[in-house]
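Each value in this text was obtained by applying a stated rule to the coordinates, not by laboratory testing. Predicted model, so just to flag it, every value in this text is computed and none were measured. Cβ placement follows ideal geometry from the backbone for every residue including glycine, while neighbour counts extend to all protein chains displayed.
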Amino acid sequence: MCVAAIAWSAHPEWTLVAIGNRDEYHARPAAPLTRWDNGILAGRDLEAGGTWLGVSPGRFALVTNRRAEGYPRAGMASRGGLVTGWLQSEDPGNTAAMNPFNLFTASPGGARLETNFPTAESHMLPPGIHGLSNGGLDERWHKITRLEGALAHWLQAGQAPAVLLDALADETPDPADPDNFLSPPFIRNPGYGTRCSSVIAVKADGRGTIIERRFDELGLVTGETELDFVWQT
């Protein structure tokens, strides 16, 4: 993912709601959201084999790249493996051997943010709404505040999860940097842009929905998948 907002235990009706856009080169192959043989619900990066966001019984994870001078470096382990590893309860191994990342994970026991840059850190997140992009958790980027605000409004409005796809289609640029094509939540660009938008919503009773809407290099919708699941019984 390249921008996400997560509501963790922020509303009595919803245990977890996460929304985010995956920005990537349009030429990089990917498979759409589906139910994997091992029980994971996720899309798949067909180049490296991992995923950017996914859910399995009692687990959820998403990863964002960290922008840092001198990175990314060729030959380092795929960050998408962090998500599939967490969803299968695997040890992530040596994350220092990966390009910089932010990893958000959640289970009934709590939500956590991990990073390996500039040093390895891991800490629990309190209940509330948290935004994440390609910087640190404390970096207040325009696209983050846009999605956090939209998610907060949705929680109060009592709407269906699919409505959050409208928030992810926001192409409002940063007023302080209007010429930066990377500044809006949704990036419409023929080379590198928003490839898919994702919504994950888990109710307090443990039932959940995951939705993925996919786009081509013109930013036009090419498909949409919605799957229901049981996160916790």
query = Of all residues in the range 100-137 being surrounded by 19 or more Cβ atoms within 10 Å (Cβ to Cβ) and polar (S, T, N, Q), which is nearest to T233 (Cα to Cα)?
reply = T105
remark   = Just one listed residue, out of M1, M98, M76, is more than 22 Å from A160 (Cα to Cα), touching a strand residue (DSSP E or B) at 6+ places or on another chain (Cβ under 9 Å), touching a residue at least 60 places away in the same chain (Cβ under 8 Å) and not basic (K, R), and it is M1
request  = Would you mention how many residues in the range 64-102 are assigned to a loop (DSSP other than H, G, I, E, B) and not charged (D, E, K, R)?
outcome  = 15
inquiry  = Can you report the number of residues in the range 1-26 which are in contact with an Asp or Glu (Cβ under 6 Å, 6 or more places away or on another chain), assigned to a loop (DSSP other than H, G, I, E, B) and of a type in the set (A, V, I, L, M, F, W, C)?
reply    = 1
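Considering only the range 22-35, how many residues are under 23 Å from R207 (Cα atoms) and crowded, with 17+ Cβ neighbours inside 10 Å?
First, pick out the residues of the range 22-35 that are under 23 Å from R207 (Cα atoms): 32-35.
Now drop any that are not crowded, with 17+ Cβ neighbours inside 10 Å, which leaves 33.
Selection size over the range 22-35: 1.
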request  = Consider only pairs whose beta carbons are under 9 Å apart and that are at least six residues apart or on different chains; among these, list those whose first residue lies in the range 24-52 and is more than 26 Å from L182 (Cβ to Cβ) and whose second residue is part of a strand (DSSP E or B) and of a type in the set (S, T, Y).
outcome  = T34/T225; W36/S56; N38/S56; G39/S56; I40/S56; L41/T34; L41/S56
ask   = Does any residue in the range 210-225 that is in a loop (DSSP other than H, G, I, E, B) come within less than 6 Å, Cβ to Cβ, of a residue that is not charged (D, E, K, R) six or more places away or on a different chain, and which pairs are these?
value = D216/T222; E217/H26; E217/P190
ask   = Inside the range 27-62, can you point out the residues that are of a type in the set (D, E) and either out of contact with any strand residue (DSSP E or B) (no Cβ under 6 Å at 6 or more places or on another chain) or not in a strand (DSSP E or B) (or both)?
value = D37, E47
note = Just one listed residue, out of L16, L53, L41, is over 26 Å from G149 (Cα atoms) and not hydroxyl-bearing (S, T, Y), and it is L41
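When you look at V199, is it among the β-branched types (V, I, T), touching a helix residue (DSSP H, G or I) at 6+ places or on another chain (Cβ under 6 Å) and either under 23 Å from T34 (Cβ atoms) or touching a residue at least 60 places away in the same chain (Cβ under 8 Å) (or both), yes or no? First the steps, then the outcome.
Working: among the β-branched types (V, I, T): yes; touching a helix residue (DSSP H, G or I) at 6+ places or on another chain (Cβ under 6 Å): yes; either under 23 Å from T34 (Cβ atoms) or touching a residue at least 60 places away in the same chain (Cβ under 8 Å) (or both): yes.
Criteria met by V199.
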query = In the range 138-169, how many residues are surrounded by fewer than 17 Cβ atoms within 10 Å (Cβ to Cβ) and in a loop (DSSP other than H, G, I, E, B)?
reply = 6
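Counting only residues that are among the hydroxyl-bearing types (S, T, Y) and not in a strand (DSSP E or B), how many does the range 103-137 have? I'd like the intermediate steps shown before the answer.
Here is the first cut: in the range 103-137, the residues among the hydroxyl-bearing types (S, T, Y) are 105, 107, 115, 119, 122, 133.
Applying the additional criterion that residues be not in a strand (DSSP E or B) yields 119, 133.
Number satisfying all stated conditions: 2.
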